[in-house]
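What follows draws every value from the coordinates through simple rules; no lab data is involved. Since the structure is predicted, the reported quantities are computational estimates derived from the model, not experimental observations. No Cβ is skipped: glycine too gets one built from the backbone with ideal geometry, and neighbour counts run over all protein chains shown.
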Amino acid sequence: MDKVALRGLLRERRALITPESHGLNRPTRQGRRAPGLSQAQIDQLLHRAPDTYGRLESGRYGNPPADLLEDVARLLGMNEQEWIALWRYGLGQDPPHPLNPSSGEEIPGVWQEAVDGISHMAYIHDRSWNLLAHNSAFAALFPDGRAPHNTMRWMALDRTARSVLTDWENAWAPFALPHLRGALAADPHDETLKQIEKEVLADPVSSPLYDRAGAHLHLDGDERPLHHLALGPGWVTLCAAQPMAAPGARMMILVFHPGERRRHTRTPMLRADTARHP
């Protein structure tokens, strides 16, 4: 537990919530000048015993329960980054789930500008693999320059994918399908993913591969064969990152190297002591 950081986070958020917004009066007792809800008012609004919130904010509440953290986060209007910080400062671990059901479904619009500025193929999908943003280099991978609405459905089921993703049955499907399993394990109620799984299980080609899908969930640095409609055969190296505001969403950059043969050497790992500096 990081008591100082926890206290700072909670005080900052608490100061932004006016008592009047919850039908309460601002405390007028002498000596209290702190803005926002009082600690006692938070206990009142959350129907908790006196000093419950005070113990949390001061760091005196060892191992606070998840339902208390969630109630406090919702009352104080925390975003996903603050929700993660609350768990890290209070329990020393990441939360088991996003705070809001819509998390992972949207990203700030500036991400489209960021993706447009990348020369390699690049796109961002939400937690259900629905496409949120992509650049023209990625669109050029598809017939008529039209990127699919859902990249997982395209990889797993689309007939075009099986010609673009070279050696699909061995080099792509065994690595893509475990991600569908993993996402459903994390959120079994995701309707989009449930529908994709249903379609995969009904597909005579994908179904046996899905049944045999292992636990491979690694993406970063993987190199796989690909036949680019405009550039011809080659290999792509996958680079994966996550927008901080959207848990479960992912940005993918596909670095394309033309040629039938795979590169014999991989790029070295980057470390702070070997990275290039201006």
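Electrostatic bookkeeping for residue 132 treats Lys and Arg as +1 and Asp and Glu as -1; over the other residues with beta carbon under 9 Å from its beta carbon, the sum is -3.
Pairs of alpha-carbon atoms within less than 8 angstrom and 6+ residues apart define the contacts here; what relative contact order does the chain have, in percent?
Contact order relative to length: 15 percent.
The label point for residue 229 and the one for residue 271, both projected 7 Å from the Cα toward the Cβ, are 4.4 nm apart. Projecting the Cα atoms of 125, 201, 5 onto the dipole axis of the chain, where Lys and Arg carry +1 and Asp and Glu carry -1 at the beta carbon, places 5 farthest toward the positive end.
With springs only between Cα atoms under 10 Å apart, run a GNM on the chain and tell me which of 79, 130, 25 wobbles the most. Comparing 79, 130, 25 in a Gaussian network model of the chain, the most mobile one is 25. Secondary-structure-derived ellipticity at 222 nm for the chain, considering helices only, amounts to -10500 deg cm²/dmol, per-run term -39500 (n - 2.57) for DSSP H runs with n ≥ 4.
Going through the stretch 175-247, which trypsin sites (Lys or Arg not before Pro) have at most 15 other Cβ atoms within 10 Å and a DSSP loop state?
212
So the label point goes 7 Å from the Cα of residue 82 along Cα→C-beta, right? Which residues of the stretch 1-15 then have their backbone N under 15 Å from it? Under cut-off, by backbone N: 6-15.
Could you tell me how many degrees, from 0 to 90 and to the nearest 10, lie between the Cα long axis of helix 173-186 and the main elongation axis, the longest principal axis, of the Cα atoms of the chain? Its long axis makes an angle of about 20 degrees. Note on semi-axes √(5λ) of the Cα gyration tensor in Å: of the candidates [x] 28, 21, 18; [y] 42, 18, 16; [z] 46, 21, 17, the value calculated from this structure sits at [z]. Exposed loop sites here mean GluC sites (Glu not before Pro) with a DSSP loop assignment and at most 14 other beta-carbon atoms within 10 Å; the chain contains its longest site-free run at 107-259. Across the stretch 99-157 the C-alpha pair distances fall into 5 Å bins from zero in the proportions 4, 19, 25, 26, 16, 7, 3, 0 percent. Please work out the FRET efficiency for the pair residue 211 and residue 238, using the Cβ-Cβ distance as r and a Förster radius of 22 Å; give the result to the nearest 0.05. Working from the Cβ atoms, E equals 0.35.
Per residue, how much space in cubic angstrom lies within the convex hull of the C-alpha atoms of the stretch 1-133? The partial results should precede the final answer.
Numbers: hull volume 19.8 nm³, N = 133.
Convex hull volume per residue, Cα atoms: 149 Å³.
A simple count of charges around residue 172, restricted to other residues whose Cβ falls under 13 Å of its Cβ and scoring Lys, Arg +1 and Asp, Glu -1, yields -3. Full extension of the chain segment joining residue 97 with residue 119 gains 4.5 nm, where the gain is 0.36 nm per residue of separation less the Cα-Cα distance.
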